[in-house]
């Protein structure tokens, strides 16, 4: 897929901290319960750390007790790209930023308590948070 924001690995490595690069560009995962945005409760928008695309609203965030920030839906259907992930000997659905192709996390259909039944399990290091004004 061709992305609106494209850069070489060298360019990404210069712009991102090592852990950000490992997760966003190498599909790594931060340790559970360590992410800075896990307990974020303010109203606002979550953006891609790599390209600043708007991805999730605080209105869709919920406590899934899984150790990573979780959302039941992206801001808009086209904000994220879903891709089959067969790594680690299992089949999962990877979530990427549709604007730059950066790895954000995975989505699971194990959240019956939400309006969609989905749990978009995101790495804090893949996101930035922009509080609502006012």
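The values are calculated or read from the model by the stated rules, or taken from the named source; none is laboratory data. Note that the coordinates shown come from a computational prediction; the quantities given were computed from them, not determined experimentally. Backbone-built Cβ (ideal geometry, glycine too); neighbour counts: all protein chains shown.
For the stretch 86-107, the set of residues classified as without any contact (Cβ under 8 Å) to a residue 40 or more places away in the chain and more than 14 Å from the chain's Cα centre (by Cα) consists of 86, 88, 89, 90, 91, 92, listed by residue number.
Checked against (1) closer than 20 Å to residue 112 by Cα; (2) buried (at least 16 other Cβ atoms within 10 Å of the Cβ); (3) touching a residue at least 40 places away in the same chain (Cβ under 8 Å), residue 51 passes all but a single condition, namely (1).
When you go through 20, 30 one by one, which is the residue that is assigned to a loop (DSSP other than H, G, I, E, B), crowded, with 18+ Cβ neighbours inside 10 Å, at pLDDT 95 or above and under 14 Å from the mean Cα position of the chain (by Cα)?
On the way: 20 fails: assigned to a loop (DSSP other than H, G, I, E, B).
Unique residue meeting the criteria: 30.
Of the strands (runs of 3 or more DSSP E) contained entirely in the stretch 74-134, those carrying at least 1 residues that are crowded, with 17+ Cβ neighbours inside 10 Å and at positive phi fall at 103-108.
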